[in-house]
Amino acid sequence: MASSKEYLDFILEQLSELEEMSYRPMMGEYILYHRGKIIVGIYDNRLLLKPVKVVLGQLGQTRLERPYEGAKEMILLEDLEDKSFLARLIKEMYEVLPAPKVKKKA
């Protein structure tokens, strides 16, 4: 099942306190970027976060799910109502995630 554009729009609205958010459609799902770094993904209308310690420490009880068969587990974020909390969480994730790899020209 692919994610809907309506769910993407809802998530983007919930993340509207953040500047420099972008997304890329990928095989019926969406990858979301903050300032060029992959932060979260939308899979089957579920918001899944990269499992970094800063997130695990703030969320307490978390549920890990796979975005698709064979993928690494990610954190399922179900409470999406607090825009300020979401923005803070994404900003803190951004600080600890590595910079995107620069692709070499062939």
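Data table
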| quantity | calculated |
| --- | --- |
| With 10 Å bins from 0: P(r) over the chain, alpha-carbon pairs, percent | 14, 49, 32, 5, 0 |
| Nonlocal Lys pairs with alpha-carbon distance under 16 Å, the range 5-96 (8 or more apart, or different chains) | 7 |
| Sorted peptide list for 24-31, 97-104, 66-73, criterion being average Cβ within 10 angstrom, highest first | 24-31, 66-73, 97-104 |
| In nm, spacing of pseudo-spin labels at Arg88 and Lys103 (7 Å Cα→C-beta vector) | 3.7 nm |
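Bear in mind that the values in this text are calculations on the coordinates, not laboratory data. The shown structure was predicted, so the numbers you read here are calculated from the model rather than taken from an experiment. Every residue, glycine among them, receives a Cβ derived from its backbone with ideal geometry; neighbour counts consider all protein chains shown.
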